[in-house]
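The values are calculated or read from the model by the stated rules, or taken from the named source; none is laboratory data. Note that this is a predicted model, so its numbers are computed, not measured. So basically every Cβ, Gly included, is an ideal-geometry build from the backbone, and we count neighbours across all protein chains shown. What goes into the accessible areas is simple: the full protein's heavy atoms, side chains included, and nothing from ligands, DNA or RNA. Shrake-Rupley method; radii C 1.70, N 1.55, O 1.52, S 1.80 Å.
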Amino acid sequence: MDSQNTLEVRIRKELKDFTLNMEFSAGKGCLGILGASGCGKSMTLKSIAGIVTPDEGRIVMNGERGERVLYDSELRINEKPQTRNVGYLFQNYALFPNMTVEENIAVGLKSRKKGRKAGSGEEIRRRTREMAERFGLTGLEKRFPSQLSGGQQQRTALARIMAYEPEAVLLDEPFSAMDAYLREKLRLELLDMLKDYRGVSILVTHDRDEAFQLCSFMVFVDRGQILAAGETRELFQNPVTCRAARMTGCKNISRIQRTGRCRVRALDWGGLELAVERPVGDEITAVGIRAHDFEPLSREAAAEWAGREEANLIPVREPKVSEMPFEWYVTLDSGLWWKVEKSIHTHAMGNALPEYLRVPPEAVMLLAGDPKP
């Protein structure tokens with residue numbers, strides 16, 4: 001990763017229900033840590049920030065100040081949070097309720113700036129004004145947190161963090177308490193901010209859409225263990241394991257029997273025969289199909305595919321249809337689930353329900369691991 005700053009993390013910590021084992025590097029492009037609540041995501045960030053201490057491991061920052069070992073259990077190094085030059089955005093933003101917006105922004109500058117005093121009062125005031133303007137807080141400087149909206153509170157917290165130019169920014173579920181409209185608006189604002197930020201940024205979230213939108217690289221975590229890691233789009237296209245596929249939102253997963261070099265029988269979908277794009281190795285235990293990846297076909301169109309190796313035709317028999325505001329959820333008799341876009345003004349599927357579906361071989365994901373949820 002060709003970034004000015006990089007962060008190397010290797011930690012282990014015994015928690016109540018499992019052991020947290022995390023090993024990854026972060027640099028250019030936001031790194032996302034995706035997993036369910038309680039899987040160890042926030043504990044990882046708190047370990048990086050120095051709020052909690054791992055049982056063992058090593059955390060190293062490479063940045064403007066050279067290589068700095070923030071934590072090393074063997075060397076007995078454990079820098080204090082105040083000297084790590086790491087900004088942590090908590091879920092509740094942790095603003096000081098008795099301080100105004102400008103005072104909240106300035107408080108970080110008064111205590112630290114790259115590990116040193118921030119400078120004169122005029123310099124602090126200038127930097128505070130600059131950050132208020134950058135984060136859209138002009139005119140709100142004299143307000144207290146209780147007088148701000150959720151989005152304004154978040155921008156104040158980010159302005160306070162970014163004012164002292166940390167080498168890494170840690171974002172802990174920053175949109176979890178917001179409604180859908182505000183969440184999307186602030187995601188876009190954060191995306192713009194991260195484009196200009198040269199330090200390390202790590203986002204913890206349980207929302208796969210949020211992770212896909214904001215993060216260039218991903219780490220999938222379950223009960224303290226890394227399931228998969230890599231470039232975000234590649235991981236979503238090829239999650240490799242059943243558990244990782246579920247984490248990306250895939251609901252159609254079936255055990256398989258290999259019937260040819262590039263053919264399988266889906267045992268949980270009524271023995272459906274499928275051609276796949278790649279050879280089926282011994283490690284493959286299941287296949288997955290995303291709910292959007294089916295192609296609707298008329299009887300005539302299906303007849304043109306019949307008999308071809310890559311046909312992958314699925315008859316639509318007695319489906320169960322559920323209406324959502326902007327989608328139809330269609331469950332086939334085989335258990336396969338199909339998602340179809342619709343207008344809010346449409347309330348009957350009518351001709352939208354085809355006689356056949358087809359799934360292209362390249363849309364059938366080959367997966368390893370336990371197919372059971």
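Descriptive notes on the structure:
- Enumeration of residues in segment 40-76 that are at pLDDT 95 or above, farther than 25 Å from Glu173 by Cα and of a type in the set (Gly, Ala, Ser): Ser73
- Beta carbons closer than 9 Å, at least 6 apart along the sequence or on distinct chains, pair a first residue in segment 141-158 that is free of Cβ contacts under 8 Å to residues at least 60 places away in the same chain and under 19 Å from Arg183 (Cβ atoms) with a second that is open to solvent by 50 Å² or more (accessible area, probe 1.4 Å) and among the acidic types (Asp, Glu) for Gly150/Asp179; Gly151/Glu189; Arg155/Glu189.
- Among the residues of segment 356-373, those that are open to solvent by 80 Å² or more (accessible area, probe 1.4 Å) and assigned to a loop (DSSP other than H, G, I, E, B) comprise Asp370, Lys372, Pro373.
- Residue check, Ile124 closer than 29 Å to Asn5 by Cα, surrounded by 13 or more Cβ atoms within 10 Å (Cβ to Cβ), modelled with pLDDT of 90 or more and of a type in the set (A, V, I, L, M, F, W, C): no
- Scanning segment 300-316 turns up at least one residue that is buried (at least 20 other Cβ atoms within 10 Å of the Cβ) and at positive phi.
Condition check ((1) farther than 22 Å from Thr241 by Cα; (2) modelled with pLDDT under 95; (3) out of contact with any helix residue (DSSP H, G or I) (no Cβ under 9 Å at 6 or more places or on another chain); (4) not small (Gly, Ala, Ser)) across all residues:
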{"site": "Leu267", "(1), (2), (3), (4)": "no, no, yes, yes"}
{"site": "Ala286", "(1), (2), (3), (4)": "no, no, no, no"}
{"site": "Leu297", "(1), (2), (3), (4)": "yes, no, no, yes"}
{"site": "Leu313", "(1), (2), (3), (4)": "yes, no, no, yes"}
{"site": "Glu318", "(1), (2), (3), (4)": "yes, yes, yes, yes"}
{"site": "Glu323", "(1), (2), (3), (4)": "yes, yes, yes, yes"}
{"site": "Leu332", "(1), (2), (3), (4)": "yes, no, yes, yes"}
{"site": "Tyr356", "(1), (2), (3), (4)": "yes, no, no, yes"}
{"site": "Met365", "(1), (2), (3), (4)": "no, no, no, yes"}
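- Residues that are within 29 Å of the chain's Cα centre (by Cα) and among the hydrophobic types (A, V, I, L, M, F, W, C) were ranked within segment 74-102; the one that is surrounded by the most Cβ atoms within 10 Å (Cβ to Cβ) is Val86.
- Per-region count, segment 274-296, residues touching a Pro at 6+ places or on another chain (Cβ under 8 Å) and open to solvent by 20 Å² or more (accessible area, probe 1.4 Å): 5
- Condition met for Gly271 (more than 22 Å from Gly27 (Cα to Cα), open to solvent by less than 40 Å² (accessible area, probe 1.4 Å) and within 12 Å of the chain's Cα centre (by Cα)): no
- Answer residue from segment 162-207, given it is among the hydrophobic types (A, V, I, L, M, F, W, C), in contact (Cβ under 8 Å) with a residue 60 or more places away in the chain and over 16 Å from Arg134 (Cβ atoms) and is most open to solvent (accessible area, probe 1.4 Å) among those: Ala177
- In segment 320-342, the residues that are assigned to a strand (DSSP E or B) and either touching a residue at least 60 places away in the same chain (Cβ under 8 Å) or of a type in the set (Val, Ile, Thr) (or both): Val321, Val330, Thr331, Trp337, Val340
- Figure legend. Inter-residue proximity from segment 278-300: first residues without any contact (Cβ under 8 Å) to a residue 40 or more places away in the chain, second residues among the small types (Gly, Ala, Ser), beta-carbon distance below 6 Å, spacing 6+ or different chains. No pairs are indicated.
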